[in-house]
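The values are calculated or read from the model by the stated rules, or taken from the named source; none is laboratory data. The shown structure was predicted, so the numbers you read here are calculated from the model rather than taken from an experiment. We place every Cβ from the backbone using ideal geometry, glycine too, and count neighbours over all the protein chains shown. To get the accessible areas, we keep the full protein, side chains included, count just its heavy atoms, and leave off ligands, DNA and RNA. Shrake-Rupley method; radii C 1.70, N 1.55, O 1.52, S 1.80 Å.
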Amino acid sequence: MNVDMMRKIDYYVGVPLTFIGTIIDKTMKLFSSNKRVKPTNVLLIELSEMGSAIIVDPAMRKLKANIDGELYFVIFSKNKVSLDLLGTVKSENVYTLDESNMVSLIVSAFKFIFWCREKKIDSTIDLELFSRVTALLSFVSGAKNRVGFHSFHNEGLYRGDFLNKKVAYNPHQHIAKSFVALVDALLSEKDEIPFTKRIIPDEEIQIAKAVIDETDQREVLETISERYEGFDKDVNPVILVNSNASDLLPQRRWDRANYCEVIKKILAYNDKAIILLTGAPAESEGAQLLADCVDDKRCINFAGGVKFLQLPTLYSVSAFMLTNDSGPAHFASITDMHTFVIFGPETPALYGSLGPTTPIFAGMACSPCVSAANHRKTPCTDNQCIQVITPDWVFNTLKFKLDELTK
């Protein structure tokens, strides 16, 4: 199913089901105990964003350190691999929803109900800002503790009323801190309206770093050598370019011609550097179009060049990466590699990488134009917020890293 179809399902199916579910939930509570339940087996719900599986990791590690039990996670099947990068949640504790078609989604959702009973889920944390489906998943899980973002008096999408620990979403702080606020609410032994009444310092959202094996590094370097004859890791600095962005928000894409011009400038500035155009195997065709535009043997189509779980290793042997605002910016945060991330309809203040990074953001009057209140769907068909960012702007921003390579 494409993104727009999933949005329609979430609206036309989600609204009536959350309304009916809320009535059922309120009725059930009239006949059940309100006794507080200590969080033990906690389920985190985040379906559609691979990058969020990285951003939420500081919150998950805090939760893991403060419960005597297990962490569980539910996510769309295509995004499950992102949880494996850091391994904070055991692979066997991850439930995947099959989003390939409507029938598969319904079947896997029904199986989810029984999986939650089998795992004795007592608490859920809904990480989504706008999804009715995740609100329903929290309800049918059978969990006694249900934590999530609540609109209170704010305008926002109707998601029913299943939460018993309601957190005020703060659109003025990084989303990683909002995730920590959800964990705080679950762990709190007192009731607050709204949660969470404390300052969350930057130290609490420090990202964990991946452990890189030297054998894995040699394997990745050999793969690069196969693509570029005469490659010498001590002579040829590796620079990554990710020109892709998911279909969830195509307005994030910077034009291919701009990437082409920046790459040419980089190669001219450093005659030893090589550029690897990264991406999934399915993105190889687009990467090849960019490689053809650059027309230089030092610019290599590397889409699918390594497996997904080898990405941290690739990042560990690379000088830096230029990328759209997309998953790779967050995947790279678990290494020490610097990223330069081009933002348009979203803002780095909320969704910036937690690793070494330099955002490139015009900050137009209309940007950011996507939020929790509009299902991250913008009416914009002319993304000037991206178009005004010129190749010269980007090159001049990243040039200091090129200068470091020659020192």
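Just a few scattered comments:
- Selection over the range 178-237 of residues that are of a type outside the set (A, V, I, L, M), in a loop (DSSP other than H, G, I, E, B) and under 30 Å from K64 (Cα atoms) gives a count of 13.
- Sub-6 Å Cβ pairs linking a first residue in the range 344-368 that is within 18 Å of Y315 (Cβ to Cβ) and open to solvent by less than 30 Å² (accessible area, probe 1.4 Å) to a second residue that is modelled with pLDDT of 90 or more and assigned to a strand (DSSP E or B), at least 6 apart or interchain, are G352/P359; S353/T339, ordered by first then second residue.
- Test: residue in the range 35-50 that is under 22 Å from the mean Cα position of the chain (by Cα), open to solvent by less than 80 Å² (accessible area, probe 1.4 Å) and among the small types (G, A, S): yes
- Taken over the range 254-273, residues that are open to solvent by less than 30 Å² (accessible area, probe 1.4 Å), hydrophobic (A, V, I, L, M, F, W, C), within 16 Å of T323 (Cα to Cα) and at pLDDT 95 or above amount to 4.
- T22 being surrounded by 13 or more Cβ atoms within 10 Å (Cβ to Cβ), in contact (Cβ under 8 Å) with a residue 24 or more places away in the chain and either part of a loop (DSSP other than H, G, I, E, B) or out of contact with any helix residue (DSSP H, G or I) (no Cβ under 7 Å at 6 or more places or on another chain) (or both): yes
- Here V56 passes the criteria (1) modelled with pLDDT under 95; (2) of a type in the set (A, V, I, L, M); (3) open to solvent by less than 20 Å² (accessible area, probe 1.4 Å) except the one numbered (1).
- Among (1) open to solvent by less than 20 Å² (accessible area, probe 1.4 Å); (2) farther than 23 Å from Q310 by Cα; (3) out of contact with any Lys or Arg (no Cβ under 6 Å at 6 or more places or on another chain); (4) hydroxyl-bearing (S, T, Y), the one test that S82 misses: (2)
Here's the yes/no breakdown for (1) open to solvent by 30 Å² or more (accessible area, probe 1.4 Å); (2) touching a residue at least 40 places away in the same chain (Cβ under 8 Å):
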| site | (1), (2) |
| --- | --- |
| I300 | no, yes |
| N324 | no, yes |
| H330 | no, yes |
| D336 | yes, yes |
| T339 | no, no |
| P391 | no, yes |
